[in-house]
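Below: the structure, in structure tokens.
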Amino acid sequence: MRLVLVGPPGAGKGTQAQFIAEHVAMPKISTGDIFRANVSEGSPLGVQAKAYMDRGDLVPDDVTIDMVRNRLAEPDALDGFLLDGFPRTVPQAQTLDDILRETADSELDVVLELVVDDDEVIRRLSGRRTCRTCNHIWHVDFDPPKEPDVCDLDGGELYQRDDDQAETIANRLEVYAESTAPLVAYYAGRGVLIGIDATGPVDDVTQRAIDALRPLRAGVSDA
């Protein structure tokens with residue numbers, strides 16, 4: 001199965017991507033993880049990407065497309081994948097169609113949309129705290145550390161990432177509404193979009209996703 005996960009920032013895409021990919025036994029491909037690794041290393045791509053990410057803006061297409069193309073051409077992704085973080089715009093979606101035809105003579109099977117309102121997004125993101133040493137993410141409400149501002153795992157300092165600041169979150173939601181939300185209409189028009197409620201306990205959201213994908217997985221297997 002070739003699956004794309006979409007939804008606003010704070011919808012839980014990273015968490016659900018991991019759980020869903022493990023359940024269906026396919027590689028999780030996250031552009032966000034790749035960007036953060038480059039930022040941490042201080043690579044030229046990381047420096048360029050960080051400037052956009054810190055403002056809550058989308059990283060330009062030309063910074064991401066070749067990276068995605070190369071990753072999808074790797075052997076483990078040829079028979080299926082879960083893609084998180086790309087595409088985010090209709091032109092990117094059209095480029096992904098081209099990439100799939102080039103690398104595996106295939107097409108996208110399903111786009112799973114995690115649906116959550118803006119108030120919940122702000123509550124989720126503004127409460128996140130990241131460990132400076134191990135990068136584990138805690139939450140002041142949902143998963144607080146035993147001591148404020150101290151990581152339970154390694155004692156590292158916890159901090160609020162620039163892209164989790166209130167003003168940046170508001171900008172990220174505006175960017176999503178303007179640039180990424182039209183993607184939902186694009187994929188709905190193609191008949192590959194499935195939306196699920198992404199509020200509530202993580203396990204409940206994962207189960208909704210698995211239930212939604214089960215008929216499609218059966219269809220792909222039969223094919």
Scan of the range 92-141 for residues that are among the β-branched types (Val, Ile, Thr) and closer than 25 Å to Ile196 by Cβ, ordered by number: Val110, Val111, Val115, Val116, Val121, Ile122, Ile137
Residue among Asp143, Asp211, Asp203 that alone is within 18 Å of the chain's Cα centre (by Cα), acidic (Asp, Glu) and closer than 27 Å to Leu82 by Cα: Asp203
Of residues in the range 121-157 being within 19 Å of Asp203 (Cα to Cα) and assigned to a loop (DSSP other than H, G, I, E, B), the one modelled with the highest pLDDT: Pro144
Unique residue being over 20 Å from Glu113 (Cα atoms) and surrounded by fewer than 19 Cβ atoms within 10 Å (Cβ to Cβ) when the list is Gly42, Gly56: Gly42
Members of the range 1-34 that are surrounded by 15 or more Cβ atoms within 10 Å (Cβ to Cβ), of a type outside the set (S, T, N, Q) and free of Cβ contacts under 8 Å to residues at least 40 places away in the same chain: Ile34
Every residue from the range 68-89 that is in a helix (DSSP H, G or I) and either of a type in the set (Lys, Arg) or surrounded by 16 or more Cβ atoms within 10 Å (Cβ to Cβ) (or both): Val68, Arg69, Arg71, Leu72, Ala77
Selected residue (only one of Arg129, Arg101, Arg124 is basic (Lys, Arg) and either surrounded by fewer than 18 Cβ atoms within 10 Å (Cβ to Cβ) or within 30 Å of Asp76 (Cβ to Cβ) (or both)): Arg101
Lone unmet requirement of (1) in a helix (DSSP H, G or I); (2) surrounded by 16 or more Cβ atoms within 10 Å (Cβ to Cβ); (3) touching a helix residue (DSSP H, G or I) at 6+ places or on another chain (Cβ under 7 Å) for Ile196: (1)
Those residues of the range 162-193 which are part of a loop (DSSP other than H, G, I, E, B) and at pLDDT 90 or above, in sequence order: Gly191, Val192
Residues of the range 166-197 satisfying the condition of being farther than 16 Å from Val115 by Cα and among the small types (Gly, Ala, Ser): Ala166, Ala170, Ser179, Gly189, Gly191
Condition broken by Gln160, with the remaining ones in (1) out of contact with any helix residue (DSSP H, G or I) (no Cβ under 7 Å at 6 or more places or on another chain); (2) in contact (Cβ under 8 Å) with a residue 40 or more places away in the chain satisfied: (2)
In the range 119-140, the residues that are within 20 Å of the chain's Cα centre (by Cα) and of a type in the set (Lys, Arg): Arg123, Arg124, Arg128, Arg129
Scan of the range 107-117 for residues that are loosely packed, with under 15 Cβ neighbours inside 10 Å and not aliphatic (A, V, I, L, M), ordered by number: Glu107, Asp117
Positions within the range 1-50 being of a type in the set (S, T, N, Q) and in a strand (DSSP E or B), in sequence order: Ser30
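The values are calculated or read from the model by the stated rules, or taken from the named source; none is laboratory data. What you are looking at is a predicted structure, and each value in this text was computed from that prediction instead of being measured. As a convention, Cβ positions derive from the backbone with ideal geometry for all residues, glycine included, and neighbour counts pool all protein chains shown.
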